[in-house]
Structure formats: C-alpha cells, structure tokens
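The values are calculated or read from the model by the stated rules, or taken from the named source; none is laboratory data. Keep in mind it's a predicted model, so treat the numbers as computed, not measured. Note: ideal-geometry Cβ built from the backbone for every residue, glycine included; neighbour counts use all protein chains shown.
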C-alpha cells in the first residue's frame, strides 16, 4: 500500500490501479501496458502484466515492438492521467493527499528525466523556477490535471 508522502505521486509507487481486468500493481504497469496495447504488442503486454515490480514493467515497456514516437507522444499524457485518476481516485488516503496539495505546482524533480520530469533535482537552484526547467514535467502537469478532475468531482457530489 502506498504511503501518503510526496513519493506517492511517483508512477512507480506500489498502488494497485484498476481500470480493466486484471488490476495492475502500479501506475507504471498501467502506462506500459497501455503502451503495448497501443502498438498491438501482445507478447510484451503479457510480460508487463506479470512484471514483479514497476521497474521491470518499465523495462518491458521500453522494448514494445512497432513503437512510433509520434503516436506515443499523442497518447502518453492521456494514458498517465487515466492511470493516476484511478490510482488517486480509488484510494481515499492518496486522494486526500493529492487534493491537499491545493494549487501548488507539482513536479517530478528528476535530473535525469526531461520528459516526465523537470530535468533538475529538487535541490537544484532552478527547480522552483519553471521558466528555467530543463524538462517538460509531463507527470507534474498530469497530476495537476488529475487533482483538478478530483476537485470538480468532489464539488459535484
């Protein structure tokens, strides 16, 4: 079960994600499974579904056959939003944590990740200056989108 610390926002947090059978062990598993489905790679999909941990699922996801970067770029954020909407929407503690971030800007503070992260560590002097980030922070923006959706669903219920 995921803790409700900042690390719970990671795609690799061990928190089941259920959007279709079978339930997957993490949002990372879901993202990689959807990547394999998108490119019709059933063999790799099977490996991802039984991967023992998020790192293994990610490794399988890197080997998806028939991969097309342009197609992936069009679908990846929606996939990550769906994964995290399930992850945070299906666990009250995680949902409360995410909603508790209020209007704060959320980031994946990773010096090595310039796509999902800001391309900087949390300790870097430019980490708090979005105009100086080296990365796209797609995960941070996806999480802020999930937060907005959950806020709206809370208001309507």
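Which one of 65, 82 is more than 16 Å from the chain's Cα centre (by Cα) and more than 29 Å from residue 129 (Cβ to Cβ)?
The unique qualifying residue is 65.
In the stretch 91-101, which residues are assigned to a helix (DSSP H, G or I), more than 9 Å from residue 146 (Cβ to Cβ) and out of contact with any strand residue (DSSP E or B) (no Cβ under 9 Å at 6 or more places or on another chain)?
Once the filter is applied, which keeps residues that are assigned to a helix (DSSP H, G or I), more than 9 Å from residue 146 (Cβ to Cβ) and out of contact with any strand residue (DSSP E or B) (no Cβ under 9 Å at 6 or more places or on another chain), the stretch 91-101 yields 92, 93, 95, 96, 97, 99.
Any residue that is within 19 Å of residue 143 (Cα to Cα) and at pLDDT 95 or above - is there at least one of those in the stretch 36-54?
Yes, that holds for at least one residue.
When you check residue 111 against the structure, is it under 20 Å from residue 19 (Cα atoms) and without any contact (Cβ under 8 Å) to a residue 40 or more places away in the chain, yes or no?
no
Could you list, in sequence order, the residues of the stretch 36-90 that are out of contact with any helix residue (DSSP H, G or I) (no Cβ under 7 Å at 6 or more places or on another chain), in a helix (DSSP H, G or I), crowded, with 16+ Cβ neighbours inside 10 Å and not assigned by TED's automatic domain parsing to the domain that holds residue 149?
The one that is out of contact with any helix residue (DSSP H, G or I) (no Cβ under 7 Å at 6 or more places or on another chain), in a helix (DSSP H, G or I), crowded, with 16+ Cβ neighbours inside 10 Å and not assigned by TED's automatic domain parsing to the domain that holds residue 149: 56.
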